[in-house]
1. For the range 197-237, name all the residues that are of a type in the set (S, T, N, Q), open to solvent by 50 Å² or more (accessible area, probe 1.4 Å) and closer than 19 Å to residue 72 by Cα.
2. Looking only at the range 107-135, filter to residues that are polar (S, T, N, Q) and within 19 Å of residue 169 (Cα to Cα); which one of those is most open to solvent (accessible area, probe 1.4 Å)?
3. Tell me, please, whether a residue that is within 20 Å of residue 208 (Cβ to Cβ), within 16 Å of the chain's Cα centre (by Cα) and surrounded by 15 or more Cβ atoms within 10 Å (Cβ to Cβ) can be found in the range 136-147.
4. Checking residue 178 against (1) at pLDDT 95 or above; (2) on the phi > 0 side of the Ramachandran plot, which test does it fail?
5. Limited to the range 141-165, what total is found for residues that are touching a helix residue (DSSP H, G or I) at 6+ places or on another chain (Cβ under 9 Å) and either part of a strand (DSSP E or B) or under 22 Å from residue 180 (Cβ atoms) (or both)?
6. If we scan the range 125-140, do we find a residue that is more than 28 Å from residue 185 (Cα to Cα) and not in a strand (DSSP E or B)?
7. Which ones in the range 148-182 are among the aromatic types (Phe, Trp, Tyr) and either under 21 Å from residue 58 (Cβ atoms) or open to solvent by 60 Å² or more (accessible area, probe 1.4 Å) (or both)?
Amino acid sequence: MKHTLLIIIATVTLIGCKNKEELKATKADALATENTEEAINKDNLTTAEAIAYASGLEHWGKVSELKFTFNVDRGGNIFSRSWQWNPKTDDVTMMTAEDTVAYNRSSLDSISTKADQAFINDKYWLHAPYNLVWDEGTTITEKKNEIAPMSKDTLNMVTITYNDSLGYTPGDAYDIYYDSEFMPREWVYRKGNAEQPSMVTSWEDYKTFEGLKFAEMHKDPSGDFKLFFSDISVKTE
């Protein structure tokens, strides 16, 4: 167990973890529980909401189980861990080659807290567009016609900055470059809201699961670092 938890801690630093008490109701989250596209007046959405709904947020209220495997490939050395999550009860199971840890996010001990740090990290990579409207304690700003760092395409950008008092790694910022369909194509992670990027990756290979759109592949500019998802499955009520 100790060896596994050390791996979790090392891997979770790839990107900042978000609000420990995320998923509180917001206007957009409440609309998503309606489970119908008709309940959403898309003409009145903010940019953050438009990005979330372009990725299928209106279908989230139906989800009873989400499974996925989070993989990191560094020059051919691959680390993987798998997750099973019931969003309605917040029951979570983490599975690695060495161990299985099952817990409920409402009751964390020292072991499950370390697993939960990894869980928040991994699922943030999977559905960050939803966190634009789910997470509290954030500031969102926008810029138009920005040059994307990897493709050099002209895209619009939204930045989400977390305050310095909430979550596992507070104060981080993310610049999300999105296209005309409000789909993220690249992002920049800036640890502690630093001016210089801590990490830059693509968002690509989108697949749809019960209406939820996930980017299965993220690559850095060198191509030596790949963060990708496999074994994604979604159950709905």
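1. Of everything in the range 197-237, those that are of a type in the set (S, T, N, Q), open to solvent by 50 Å² or more (accessible area, probe 1.4 Å) and closer than 19 Å to residue 72 by Cα turn out to be 198, 222.
2. Filtering the range 107-135 for residues that are polar (S, T, N, Q) and within 19 Å of residue 169 (Cα to Cα), the one most open to solvent (accessible area, probe 1.4 Å) comes out as 110.
3. Checked against the condition, which is being within 20 Å of residue 208 (Cβ to Cβ), within 16 Å of the chain's Cα centre (by Cα) and surrounded by 15 or more Cβ atoms within 10 Å (Cβ to Cβ), the range 136-147 yields no hits at all.
4. Status for residue 178: all satisfied but (2).
5. 6
6. Within the range 125-140, not a single residue is more than 28 Å from residue 185 (Cα to Cα) and not in a strand (DSSP E or B).
7. Those that are among the aromatic types (Phe, Trp, Tyr) and either under 21 Å from residue 58 (Cβ atoms) or open to solvent by 60 Å² or more (accessible area, probe 1.4 Å) (or both): 178, 182.
Here is a yes/no grid of residues against (1) open to solvent by 10 Å² or more (accessible area, probe 1.4 Å); (2) aliphatic (A, V, I, L, M); (3) under 30 Å from residue 224 (Cβ atoms):
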site: 63; (1), (2), (3): no, yes, no
site: 67; (1), (2), (3): yes, no, yes
site: 73; (1), (2), (3): yes, no, yes
site: 76; (1), (2), (3): yes, no, yes
site: 79; (1), (2), (3): yes, no, yes
site: 82; (1), (2), (3): yes, no, yes
site: 88; (1), (2), (3): yes, no, no
site: 95; (1), (2), (3): yes, yes, yes
site: 98; (1), (2), (3): yes, no, yes
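The values are calculated or read from the model by the stated rules, or taken from the named source; none is laboratory data. Everything numeric in this text was worked out from a predicted model, so none of it was measured. Neighbour counts are summed over all protein chains in view; Cβ atoms, including those assigned to glycine, are modelled from backbone coordinates with ideal geometry. Remember, those area values only see protein heavy atoms, side chains included, never the ligands or the DNA or RNA. Shrake-Rupley method; radii C 1.70, N 1.55, O 1.52, S 1.80 Å.
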